[in-house]
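The values are calculated or read from the model by the stated rules, or taken from the named source; none is laboratory data. As the structure is a prediction and not an experimental result, all values here were calculated from the model. FYI the Cβ positions are ideal-geometry reconstructions off the backbone, even for glycines, and counts take in every protein chain you see.
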């Protein structure tokens, strides 16, 4: 069987972030090089945060998604992950899930009501990659992906 | 990856192991605060930071494994206390909150200096990870710097507790800056900024500024190395910590955890 790049990318885009079911690891920017040789596939994954407890699970899910091929998954560190690697589609998926995407400016938009009248509560949310915010207009606490 | 000679490999292990152990032990002690910190936000923050520290340690343990040491799991769960090379002060059991904030601020400053210096290494698997770690550690330092300042400028009691915490920690800081034995390996690695004298100097300079800005009394001369955790010299505190940490695994060491 010859594996195509389209097949691999399509399988990888079905591997979701374990906490945000509409956000794929491709949109999250975690997929680095993909090497295909016959039916052997090597997928390089870029960890978002080194201490993220979801990394093992994500690796297993990638292996499962490509189980019809002979797949090897490597965690690579040459190019560190940054929040700017999240795709436009990924940012949209985050907002729809109620998590504000990372921002370059101080302005953080509430994912629930779209207001910019928000305040930073803590740089630490319920997971390593998120910070806590509060919307003054809809009185809703929410999380934002840390800008790193 | 470049083929490493035997002496380079030895030097890298000598460099990375104490850093890995420091990160693991602060991460573990930090995890003991879970549900006990002064408020809910702090609980979230500290558990997040602790998880991150354990992740950094794991990265270093995997690097050590690639250099020929046992696996990360074995290094963490099967090593006796005498095999650990963390600084002794870091194994101190948690006391009050001010004591922990003081210790962590003093540690995070050193960690920052050390990580910055590590970027000068020629060993790319190390610098790749360190670059990433620095992006994450920035938040840790910021967090404990804020906590330190809040206690110093809060109430009379918070300031007093902070000063007492610092006074307890200070005389035992010696081996935090030290390495096990000779520092020749740093020359081999081209990392002169990590020499003990250099680390002490950089750390003291930054600390003096903080103490001056917050009008805190300078705790006295920098202590020498009385006991060196880098050589496996530890208090009973570490054995107790390891007993607790490995308690579940000890029930059945042959289980596939």
What number of residues within region B:69-113 are within 25 Å of residue B:151 (Cβ to Cβ) and in a helix (DSSP H, G or I)? 21
Given the residues B:4, B:67, which is the only one that is buried (at least 16 other Cβ atoms within 10 Å of the Cβ), over 23 Å from residue B:177 (Cβ atoms) and over 14 Å from the mean Cα position of the chain (by Cα)? B:67
Which members of region B:7-27 meet the condition of being more than 18 Å from residue B:62 (Cβ to Cβ) and under 20 Å from the mean Cα position of the chain (by Cα)? B:11, B:26
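Given the options B:102, B:178, B:117, name the one that is over 30 Å from residue A:146 (Cα atoms) and under 20 Å from the mean Cα position of the chain (by Cα).
On the way: B:102 fails: over 30 Å from residue A:146 (Cα atoms); B:117 fails: over 30 Å from residue A:146 (Cα atoms).
Just a single option satisfies the conditions, and that option is B:178.
Residue-by-condition table, conditions (1) in contact with a helix residue (DSSP H, G or I) (Cβ under 9 Å, 6 or more places away or on another chain); (2) outside the structural domain of residue A:26 (by TED's automatic domain parsing):
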{"position": "A:42", "(1), (2)": "no, no"}
{"position": "A:45", "(1), (2)": "yes, no"}
{"position": "A:53", "(1), (2)": "yes, no"}
{"position": "A:58", "(1), (2)": "no, no"}
{"position": "A:66", "(1), (2)": "yes, no"}
{"position": "A:69", "(1), (2)": "yes, no"}
{"position": "A:80", "(1), (2)": "yes, yes"}
{"position": "A:84", "(1), (2)": "no, yes"}
{"position": "A:88", "(1), (2)": "no, yes"}
Out of all the residues in region B:17-36, is one or more within 12 Å of chain A (Cβ to nearest Cβ), surrounded by fewer than 18 Cβ atoms within 10 Å (Cβ to Cβ) and either touching a strand residue (DSSP E or B) at 6+ places or on another chain (Cβ under 6 Å) or not in a loop (DSSP other than H, G, I, E, B) (or both)? yes
Within region B:114-230, considering only helices (runs of 4 or more DSSP H) that don't extend past its boundaries, which have at least 3 residues that are farther than 25 Å from residue B:45 by Cα and within 14 Å of chain A (Cβ to nearest Cβ)? B:124-153
Given the condition away from chain A (no Cβ under 12 Å) and either closer than 22 Å to residue B:191 by Cα or not in a helix (DSSP H, G or I) (or both), answer yes or no: does some residue in region B:48-59 qualify? no
Which members of region B:1-33 meet the condition of being at pLDDT 95 or above and more than 16 Å from residue B:69 (Cβ to Cβ)? B:22, B:25, B:26, B:27, B:28, B:29, B:30, B:31, B:32, B:33
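Please tell me if residue A:79 is surrounded by fewer than 18 Cβ atoms within 10 Å (Cβ to Cβ) and within 13 Å of chain B (Cβ to nearest Cβ). It would help to see each step written out before you state the result.
Details: surrounded by fewer than 18 Cβ atoms within 10 Å (Cβ to Cβ): yes; within 13 Å of chain B (Cβ to nearest Cβ): yes.
So residue A:79 passes the test.
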Return only the number of the condition from (1) within 14 Å of another protein chain (Cβ to nearest Cβ); (2) surrounded by fewer than 16 Cβ atoms within 10 Å (Cβ to Cβ); (3) closer than 25 Å to residue B:146 by Cβ that residue A:49 does not satisfy. (2)
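Suppose we keep only residues that are within 13 Å of chain B (Cβ to nearest Cβ) and out of contact with any strand residue (DSSP E or B) (no Cβ under 7 Å at 6 or more places or on another chain) within region A:82-105. Which one would you say is nearest to residue A:49 (Cα to Cα)?
Top of the filtered list is A:82.
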So is residue A:57 surrounded by 14 or more Cβ atoms within 10 Å (Cβ to Cβ) and either in contact (Cβ under 8 Å) with a residue 40 or more places away in the chain or within 25 Å of residue B:52 (Cβ to Cβ) (or both) or not? no
Mind telling me which of the residues A:127, A:67 ends up being more than 13 Å from chain B (Cβ to nearest Cβ), in a loop (DSSP other than H, G, I, E, B) and more than 12 Å from the chain's Cα centre (by Cα)? A:67
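Among A:70, A:22, which is surrounded by fewer than 16 Cβ atoms within 10 Å (Cβ to Cβ), in contact with a strand residue (DSSP E or B) (Cβ under 9 Å, 6 or more places away or on another chain), touching a residue at least 12 places away in the same chain (Cβ under 8 Å) and within 28 Å of residue A:103 (Cα to Cα)?
On the way: A:70 fails: within 28 Å of residue A:103 (Cα to Cα).
Within the list A:70, A:22, the selection yields A:22.
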